[in-house]
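Written below as structure tokens is the structure these notes are about.
Coordinate-derived values only; no laboratory data. Since we're looking at a predicted model, the values are computed, not measured. Virtual Cβ from ideal backbone geometry, glycine too; neighbours counted across all protein chains shown.
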Amino acid sequence: MKFVDEFRDAELGRVLAGEILAAVDPERHYKLMEVCGGHTHSIYKYGVDDLLPDNVELVHGPGCPVCVIPMGRVDDGIAIARAENVIFTCFGDMMRVPGSEQSLLEAKAEGADVRMVYSPLDALRLAKANPDRDVVFFALGFETTAPSTALTMKRAKAEGVSNFFCMCNHVTIVPPLRALLDSPDLRLDGFIGPGHVSTVVGARPFEFIPADYGKPVVISGFEPLDILQSALMIINQLEGERCEVENQYTRVVPYEGNLRALEVMAEVFELRPHFEWRGLGFISQSALRLSDAYAEFDAERRYETPGVRVADPKACQCGEVLKGVIKPWECKVFGTACTPEHAIGTCMVSPEGACAAYYNYGRFARDREVV
Amino acid sequence: MVDEANRLARVDVAGVRRNVNVGLLDDDGEGVGPGDWVLIHVGFAISQVDEEEALATRRLLEGMGADYEQELEELKASAIE
Ligand code: SF4
């Protein structure tokens, strides 16, 4: 595959690791947060962290869309899925996310018509094929995915599809980052910025991080060499006493983002005043809902949902994992009560979740962690 | 382009041909065309891959490799003396 293998070269990876080792101050400890779950997955899949010196620590951030869905939203989805005449559609990962009583998969086993889709367009197609049923799409994801939902809704409207509805759980990347930066729990030195979100929003929305918090951000691609180069770029900024937003992923991310995608999002969505994030609590203006122009497609306006806040299970420490405060193996139920097959928390469900990445690639213990 | 009105294009995804929506890259038929590389997410092309930039990044990485090799060579050479 073009532009993929070129960025997986093991030999160049070792060379980059050598550059990093030469660039770091051995006396200093570097804590870099990779915001995006896609990076977390790649880091463990390719063992990127093994190439880093001991004093460069990677901390995993909140950028896994399935991981941040709170239990109350799962319960709301299940309530809609159980309503009369509904075909409920969602992405595959979402089906296994536990709600307070059960997951969508378990609701399906009990008779709810829940179906997995790959794209919001598949959900729209189902609606057109089943004009006598209501088809509800459980939309989730950061700005990477929101424009695709938005364009699908535009198409539904243009085609006058009246049995298609969206339960919107789209979230935005900047508010949780600000919340993390304001939290006293965490001392970070820099951010490996989210590559795919940035294809849409561009690099500019991250400028507040160097400007207001004095920390470098490097927008990064997802291949092992991309991540290593980004880590090196952050360390070079820190050691050179520079602090700015840099773009390592120029082959895919234009600095200004995708204006067409932003335009479509602005037309179809509006900001919610508040949204609850799993483990992070309520964050204001951090999520999207359908705008008034699309009210007729809004599943939350059509169906009754419990809409209650459900506390996370006691044993679950996903909040600390999502904030990068603890490593997955420090959670008491990691790998025992909580596994990808029987997840207690969301970070174990999605392959982009930090717990799943640690579990799937055999990181069960402290290993090479530095205190 | 397999469906102009709905902005569907046929693309090759790791050897498999499938339709993706390119409406987030162009609205008017300008923009992407045959031979272009795109980043696909949930059935939509969300970004066009810039071949020049890909090559430039790669050259930069290889350049680092060259310096490193040279350093290694010099190191070896100096050890002999
Ligand atoms: S091990 Fe399970 S419960 Fe613990 S933080 Fe990870 S996903 Fe959450």
Here are some conditions: (1) touching a residue at least 24 places away in the same chain (Cβ under 8 Å); (2) farther than 30 Å from A:Pro26 by Cα; (3) not hydrophobic (A, V, I, L, M, F, W, C). A:Thr250 meets all but one. Which one does it not meet? (1)
Restricting attention to the stretch A:206-221, which residues are under 24 Å from A:His41 (Cα atoms) and surrounded by fewer than 21 Cβ atoms within 10 Å (Cβ to Cβ)? A:Lys215
Being over 19 Å from A:Cys64 (Cα atoms), of a type in the set (S, T, N, Q) and within 12 Å of the ligand (Cβ to nearest atom) narrows A:Thr305, A:Thr336 down to just A:Thr336
Out of (1) crowded, with 21+ Cβ neighbours inside 10 Å; (2) among the aliphatic types (A, V, I, L, M); (3) away from the ligand (no atom under 16 Å from the Cβ), the one A:Ala357 does not meet is (3)
Counting only strands (runs of 3 or more DSSP E) wholly inside the stretch A:204-278, the ones holding at least 1 residues that are within 14 Å of chain B (Cβ to nearest Cβ) and aliphatic (A, V, I, L, M) are A:217-220
If you go through the stretch A:275-299, how many residues are among the charged types (D, E, K, R) and surrounded by 17 or more Cβ atoms within 10 Å (Cβ to Cβ)? 4
